[in-house]
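To keep things clear, I will list the structure first and then write my remarks on it.
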Amino acid sequence: MSSQKKKAFQIEAFKHRVVVDPKYAEKTWKILEHAIHEIYNHNASGLSFEELYRNAYNMVLHKFGEKLYSGLVTTMTSHLKEISNSIEAAQGGLFLDELNRKWAEHNKALQMIRDILMYMDRTFIPNTHKTPVHELGLNLWRDVVIHSHAIQSRLQAILLENVRRERSGEVIDRGLMRSITKMLMDLGPSVYQDNFEKHFLEVSADFYRLESQEFIESCDCGEYLKKAERRLNEEIERVSHYLDTRSEVKITNVVETEMIESHMHRLVQMENSGLINMIVDEKYEDLGRMYCLFRRVSSGLVLIRDVMTSYIRDTGKQLLTDPERLKDPVDFVQQLLDLKDKYDKIITSAFRNDKTFQNALNSSFEYFINLNSRSPEFISLFVDDKLRKGLRGVTEEDVELVLDKVMMLFRYLQEKDVFEKYYKQHLAKRLLSGKSVSDDAERSLIVKLKTECGYQFTSKLEGMFTDMKTSQDTMQGFHASHGSDIGDGPMLSVQVLTTGSWPTQLITTCNLPAEILGICEKFRNYYLGTHTGRRLSWQTNMGTADLKATFGKGQKHELNVSTYQMCVLMLFNDADRLSYKEIEQVTEIPTSDLKRCLQSLACVKGKNVLRKEPMSKDIADTDTFLFNDKYTSKFFKVKIGTVAAQRESEPENQETRQRVEEDRKPQIEAAIVRIMKARRVLDHNNIVAEVTKQLQSRFLPNPVVIKKRIESLIEREFLERDKGDRKLYRYLA
C-alpha cells in the first residue's frame with residue numbers, strides 16, 4: 001500500500017458572474033399572476049403546474065421571493081373582494097349556500113396555489129418568518145370575507161335564526177350548518193367564538209330563561225324535568241351534528257343554569273309533585289331523572305339529599321312516637337324494614353347507588369331508631385317471632401335475607417348491650433321450649449353477631465347451645481342408670497343450665513305434685529353423684545309438661561302445658577271445684593304467673609279445660625274454678641299456651657334497664673383503667689372522649705356515669721387527682 005499522501009478534494013466558486021435579465025422577475029410574476037387568475041376563474045385545466053412550479057422556484061432562487069409573496073397577497077385579496085361582493089348579493093336562504101360554495105372553491109384554489117408555491121413555502125417563508133401560503137389564504141378569507149360588515153352581521157343572524165327554528169321544531173339543513181361552522185373553526189378558535197359561539201350562548205341563555213319560566217308555571221315537577229332533560233339532550237345532539245365539540249360543555253352549562261339551578265329549590269319543594277311526593281308515590285323514573293339533572297349543578301345533590309334526609313327523619317320520628325304502631329313490636333319492626341327496603345330501592349334504582357345518599361339514609365335510621373328506648377327490645381322480639389314460627393317452610397336464602405335485615409337494624413342501635421339482654425332472654429325461652437324453627441338459623445344469627453361485635457358479645461349465647469347438648473347426654477345417662485326404677489311413673493326431661501350463661505332468673509317457689517317430686521329427687525341425686533361441687537336449683541317457671549286427660553264420655557286428650565299449668569290441673573284429680581285462694585295456697589305460684597296460667601286454662605276458647613265462675617276475661621281473687629267435663633277438641637294433642645304480653649310492661653322494662661345500667665358500670669371502669677394505664681396522665685374531657693370511643697360499639701356511655709365511675713376508682717385508689725389541676729387524673733400503679 002502506497003504511503004504517499006492524497007491531495008484534498010476542493011470545490012471552487014464559479015468564476016463568471018451570472019447576469020439575470022432585469023425584466024425577468026416582472027415577466028415571471030406576470031406568468032404566475034395569470035395562473036392564479038385562471039385558477040380562481042376555474043380555468044386551471046390548461047395550466048402546466050410543472051412549469052409554474054419551476055418559475056416560482058427560480059424567482060425565490062434569484063432573490064425575488066418578496067416580490068412573489070407580496071404579489072400573491074395582492075392578487076388573492078383582489079379575488080376575495082370579488083367573492084365577498086358575490087356573497088353579499090345572495091338573497092335570503094341562498095346566502096349560506098353561496099358562502100359555502102365560495103368557501104369550497106377558495107379552498108380548492110388555495111391548494112393549487114400552495115402546490116405551485118411549494119418551494120417558497122419551504123424556504124423563503126420560514127427564513128423571513130412570514131405566514132405560510134395556506135394559512136395566509138385562510139387569514140385573507142377571514143379578513144376580507146367573514147369580517148366584511150355586511151357578511152359578518154348577516155351570517156351571525158342567519159345561524160342564530162336557524163338554531164331558533166330548530167329549537168321550535170322546524171327541520172333545517174344540518175349539513176350546511178355543519179359546513180359553515182366548520183369553516184369558522186378552520187379560520188381559528190377565536191373566529192368561531194367571536195362570530196358565533198359567544199352570541200349563540202347569550203341568545204340561548206335568554207331563550208331558556210323565558211322557556212323555563214313558562215314551564216315552571218304550567219307543569220308539575222315530573223313534567224318539567226322531562227322537558228329539561230329533552231332540551232339538554234337536544235343541545236348535546238346539536239353539538240354533535242354541527243357545532244364545535246368544545247361548545248358542548250358551554251351550552252349544557254347554560255341549560256343547566258337556566259332550567260335547573262335557577263329553579264331547583266322550587267322544583268324540589270313543588271306542591272303535590274316535588275321530591276317528597278315522588279318518594280311517597282315511588283316514582284323511580286322521575287327520581288332518577290331528578291338525580292341525573294341535579295347532579296349537573298352545584299349543590300344539586302346536596303339539596304336532594306338534605307330534603308330526603310329531613311323527610312326520612314320526620315317519617316321515622318312519627319313511626320316511633322305513634323302509640324298505635326308501638327302496640328305490636330313485630331309489626332313495628334316490619335314497618336321499619338319495609339321503610340328501609342323502600343329507600344334502599346330508591347337509592348339503588350333512582351340514585352345510582354350513590355354512597356353519600358346511602359350514608360345519609362343510614363344516619364337518618366340511626367337517628368330515629370334510637371329515639372325510642374325500646375327499639376332494642378322490639379328488634380329482639382321480631383327475631384324471636386321469626387325464629388319461632390315466621391321462618392317455617394322458608395328457603396335457606398330467604399332466612400339469610402331476613403337475618404341480614406335484622407343485623408342492619410342492629411347496627412343502627414346505640415344500646416347493643418340492651419338488645420343482647422333481651423335477645424338472651426328470648427333465645428333461652430326458644431331453646432328450653434324447643435320452639436326454635438331452625439338451629440342453623442339460630443347459629444347463623446349468632447355468627448353474624450359475633451362478626452359484628454366480637455367474641456365477648458356472643459360467648460354466653462354459644463354457652464347456652466353447649467348446655468343444651470350437654471343436657472341431652474346427661475339425660476341419656478340418667479335413663480340408662482334409672483330406667484328400671486322409673487317404671488310407669490312420670491317421664492322426666494331436664495335441661496341443666498350453667499349459671500352466668502343464661503339470663504338471671506329469680507328462683508320462684510312452686511309446690512310440685514308428689515308424683516313429680518319423687519323423680520325430680522332421683523335426678524338430683526344422680527346428677528350430684530356424677531358431678532362434684534355443684535348445686536341444682538329448679539326453675540319451675542321455665543318448664544313444660546305433657547298430661548293425659550280424660551273428659552266426659554271417656555274422651556281422651558294429651559295436653560301440652562307449662563309446669564305451672566300442670567301443677568294447677570293435677571289438683572283437679574282430687575277435687576272438682578277449687579277457689580282461686582285454694583289454688584294459690586296449695587301451689588304457691590306467684591300471683592301474676594298464677595293469674596296468667598288460670599286465664600289460659602279457663603278463658604281461651606278451644607283451650608278451656610277449666611270453667612270459671614263467674615265467667616269473665618280477667619281473673620279475680622274471688623273466682624272459683626271447675627274441671628270442664630264437657631271440653632271437646634278435634635285434636636288429640638292440645639297445646640295450651642300461657643297468656644302473656646309479648647312486650648315487657650313498664651315496670652319490667654325499668655327493671656331490665658336497671659340491670660343493664662349495673663352491667664355497664666364494670667365495663668366503663670375497665671375502659672377507664674385501660675386508658676389510664678396506657679396514658680398515665682389524662683384530663684377529664686379526654687377520658688370521657690376515649691371511654692365513649694372504646695365502648696360505642698356496645699353502648700353510648702353517659703358522661704355523668706363516667707364521672708361517677710372515675711370517682712369510684714379514685715376512692716379505691718386506682719386513680720388520683722393532680723394536686724395542681726383538679727381536672728387532671730393520674731394512674732396509680
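The values are calculated or read from the model by the stated rules, or taken from the named source; none is laboratory data. The shown structure was predicted, so the numbers you read here are calculated from the model rather than taken from an experiment. We place every Cβ from the backbone using ideal geometry, glycine too, and count neighbours over all the protein chains shown. We work out accessible area using only protein heavy atoms, side chains counted, and drop any ligands, DNA or RNA first. Shrake-Rupley method; radii C 1.70, N 1.55, O 1.52, S 1.80 Å.
Odds and ends about this structure:
- Surrounding net charge for Asp439, when Lys and Arg each add one and Asp and Glu each subtract one, Cβ distance under 11 Å: +1
- Accessible surface of the stretch 16-145, 1.4 Å probe, proportion on carbon and sulfur as whole %: 52
- Unit charges at the beta carbon, dipole of the chain: most positive-side option, Tyr69, Gln565, His684: His684
- Accessible surface of the stretch 650-731, 1.4 Å probe, proportion on carbon and sulfur as whole %: 48
- Entry note, the stretch 250-349: relative contact order of 26 percent, from Cα contacts under 8 Å with a spacing of 6+ residues.
- Scoring 602-615, 366-379 by mean Cβ neighbours within 10 Å over their residues and listing the highest first yields 366-379, 602-615.
- Taken about its Cα centre, the stretch 432-496 carries a charge dipole of roughly 300 debye when the Cβ of each Lys and Arg holds +1 and the Cβ of each Asp and Glu holds -1.
- Proximal lysines to Lys345, defined as alpha-carbon separation beneath 22 angstrom and excluding residues fewer than eight positions away on the same chain: Lys226, Lys283, Lys317, Lys355, Lys405
- Amide H contacts of Thr544 (H built 1.01 Å from N, under 5 Å, at least 5 apart or other chain): Thr563
- Helix 703-715 and the longest principal axis of the C-alpha atoms of the chain enclose an angle of approximately 60°.
- Out-of-range pairs (alpha-carbon distance over 26 Å; input Lys327/Lys612; Lys340/Lys416; Lys389/Lys460; Lys386/Lys556; Lys429/Lys708): Lys327/Lys612; Lys386/Lys556; Lys429/Lys708
- Net charge of the neighbourhood of Glu415, taken over other residues with C-beta under 11 Å away and scored Lys/Arg +1, Asp/Glu -1, is +2.
- Between the stretch 654-708 and the stretch 102-159, the Cα center-to-center distance that results, in Å: 83
- Accessible area per residue for the chain is 54 Å², calculated with a 1.4 Å probe on protein heavy atoms, without ligands, DNA or RNA.
- Remark on Asp683: its backbone amide H falls under 5 Å from those of Tyr729, a criterion applied only to residues 5 or more positions apart or on other chains, H modelled at 1.01 Å from N.
- Relative contact order (%) - the chain, alpha-carbon pairs under 8 angstrom, separation at least six: 6
- When the Cα gyration tensor is reduced to axis lengths a ≥ b ≥ c, the ratio a/c is 1.5 or higher for the stretch 650-731, and with a/b above b/c it is classed as prolate.
- Karplus 3J(HN,Hα) series, Hz, for the stretch 490-498 with 6.51 cos²θ - 1.76 cosθ + 1.60 (x for Gly, Pro): x, 8, 10, 10, 10, 9, 9, 9, 6
- Taking the DSSP beta bridges with both ends in the chain, the antiparallel portion is around 85 percent.
- Look at the Cα gyration tensor of the stretch 16-145: its axes a ≥ b ≥ c give a/c of at least 1.5 with a/b over b/c, and that counts as prolate.
- Applied to the stretch 459-468, the Karplus parametrisation 6.51 cos²θ - 1.76 cosθ + 1.60 on θ = phi - 60° returns per-residue 3J(HN,Hα) values of 4, 6, 5, 5, x, 5, 5, 4, 4, 4 Hz, with x for Gly and Pro.
- Share antiparallel - DSSP beta bridges, the stretch 543-639, percent rounded to 5: 80
- Taking a ≥ b ≥ c as the square roots of the eigenvalues of the alpha-carbon gyration tensor, the stretch 543-639 is classed prolate because a/c is 1.5 or more and a/b outweighs b/c.
- Charge-dipole axis of the stretch 154-306 as Lys and Arg at +1 and Asp and Glu at -1 on Cβ define it, positive-most pick from Thr257, Phe200, Gly274: Phe200
- Taking a straight Cα-Cα cut-off under 20 Å and skipping sequence neighbours fewer than 8 places away in the same chain, the aspartates and glutamates within cross-link reach of Lys707 are Glu415, Glu661, Glu662, Asp663, Glu669, Asp683, Glu690, Glu715, Glu717, Glu720, Asp722, Asp725.
- Rounded to the nearest Hz, the phi-derived 3J(HN,Hα) couplings of the stretch 73-79 under the Karplus curve 6.51 cos²θ - 1.76 cosθ + 1.60 (θ = phi - 60°) are 4, 5, 5, 5, 4, 4, 5, where x marks glycine and proline.
- Of all accessible heavy-atom area on the stretch 523-599, the percent that carbon and sulfur account for (1.4 Å): 44
- Of interest is the spacing of the C-alpha centroids, which for the stretch 361-396 and the stretch 20-73 amounts to 94 Å.
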